[in-house]
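The values are calculated or read from the model by the stated rules, or taken from the named source; none is laboratory data. Everything quoted here is computed from the prediction, not taken from an experiment. We place every Cβ from the backbone using ideal geometry, glycine too, and count neighbours over all the protein chains shown. Surface accessibility is based on the protein's heavy atoms, side chains included, excluding ligands, DNA and RNA. Shrake-Rupley method; radii C 1.70, N 1.55, O 1.52, S 1.80 Å.
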Amino acid sequence: MASVFHLAYPVKGKEQTRAFYAGLLGCAEGREAETWIDFDFFGHQVSFHVKPEAFNGTEPTNTVDGKHVPVRHFGAVLEWNEWHALRDRLIAAKTDFVIDPYIRFKGETGEQATMFFLDPSGNALEFKSFKDESQIFAA
């Protein structure tokens, strides 16, 4: 078995989280209890714990490529065509992007597609894809 990461994040409510991750993103549901729910997040285990009070402040950002990138975010690196299919599905669902889908480093080492958007609780997600997967960790 390949290494699988586990990530836990707060959410405001379980049902809107289920609709977003299972419905829109297509993540399979795992175990759940009254105050949490697990998903198979592109092969990794992500647990969402209902904790609305975790959202009382403003999330910080850093400037990258002239865009305000949420400092706290997570996501997945997808295969090139899978990333484009997800982008199209999100656009069709009228997703409000924090950073619109675009290609970074076009024609250069590390060429990648990226996009940022928020889940219903305001957690930032980044999905990216590398034109050449061997360059994921290229310097």
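Condition first: surrounded by fewer than 12 Cβ atoms within 10 Å (Cβ to Cβ) and either in a strand (DSSP E or B) or among the charged types (D, E, K, R) (or both). Now tell me which residues in region 120-134 satisfy that.
The answer is E133, and nothing else.
Condition (residue is open to solvent by less than 10 Å² (accessible area, probe 1.4 Å) and within 12 Å of the chain's Cα centre (by Cα)) applied to region 104-115: is it met by at least one residue?
So far as region 104-115 goes, yes, one or more of its residues are open to solvent by less than 10 Å² (accessible area, probe 1.4 Å) and within 12 Å of the chain's Cα centre (by Cα).
Within the group F74, F55, F42, which residue is touching a residue at least 60 places away in the same chain (Cβ under 8 Å), aromatic (F, W, Y) and open to solvent by 40 Å² or more (accessible area, probe 1.4 Å)?
F55
Identify all residues within region 77-103 that are surrounded by fewer than 13 Cβ atoms within 10 Å (Cβ to Cβ) and not charged (D, E, K, R); write none if there are none.
N81, A85, A92, A93, I103
For region 22-39, enumerate the residues that are within 17 Å of the chain's Cα centre (by Cα) and either open to solvent by 40 Å² or more (accessible area, probe 1.4 Å) or farther than 17 Å from F5 by Cα (or both).
Hits for region 22-39 are A22, G23, L24, L25, G26, A28, E29.
Spot the failing condition for A92; the list is (1) among the aliphatic types (A, V, I, L, M); (2) within 17 Å of T17 (Cβ to Cβ); (3) free of Cβ contacts under 8 Å to residues at least 24 places away in the same chain, and only one is missed.
A92 satisfies every listed condition except (2).
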